[in-house]
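Student: Sending over a structure as structure tokens; questions will come in a sec.
Read-outs throughout are calculated quantities, based only on the coordinates presented, and are distinct from any laboratory measurement. Note that this is a predicted model, so its numbers are computed, not measured. Heads up, the Cβs are rebuilt from the backbone with ideal geometry, glycines too, and the neighbour counts pull from every protein chain shown.
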Amino acid sequence: MIEIRVEKRLPGFTLAVSLLTEGGITVFFGKSGAGKTLTLRAIAGLLRPDCGVIRIGGRTVYDHEHRINLPARERRIGY
């Protein structure tokens, strides 16, 4: 399960992501510049959102309000 509710402000653009998966395979697709790579970087811990929450497998890896931001190496994403 992946739960994402985050925002990242960039010059001229604010990425707002709201996603809840219940398992299986998740695919990100969209136009160039839509925020696919930014979303994946936030999940992996390579990009810090400005606000919101990211939970992976029921474990909170990022929570702006509670000041939780696990380093990328502790998220165990991609292996």
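Student: Magnitude of the Cβ-charge dipole of the chain, K/R +1 and D/E -1, about the Cα centre, nearest 20 debye? It would help to have the intermediate numbers written out before the result.
Tutor: Details: 13 positive and 7 negative charges, 53 e Å.
Charge dipole of the chain: 260 debye, to the nearest 20.
Student: How large are Rg and Dmax for the chain when only the alpha carbon atoms are used, in Å?
Tutor: Computed over the Cα atoms of the chain, radius of gyration and Dmax are 12.1, 34 Å.
Student: Continuing with this model, one more query. Just name one of 53, 78, 43: the one whose Cα is farthest towards the positive end of the charge dipole of the chain (beta-carbon charges, Lys/Arg +1, Asp/Glu -1).
Tutor: It is 78.
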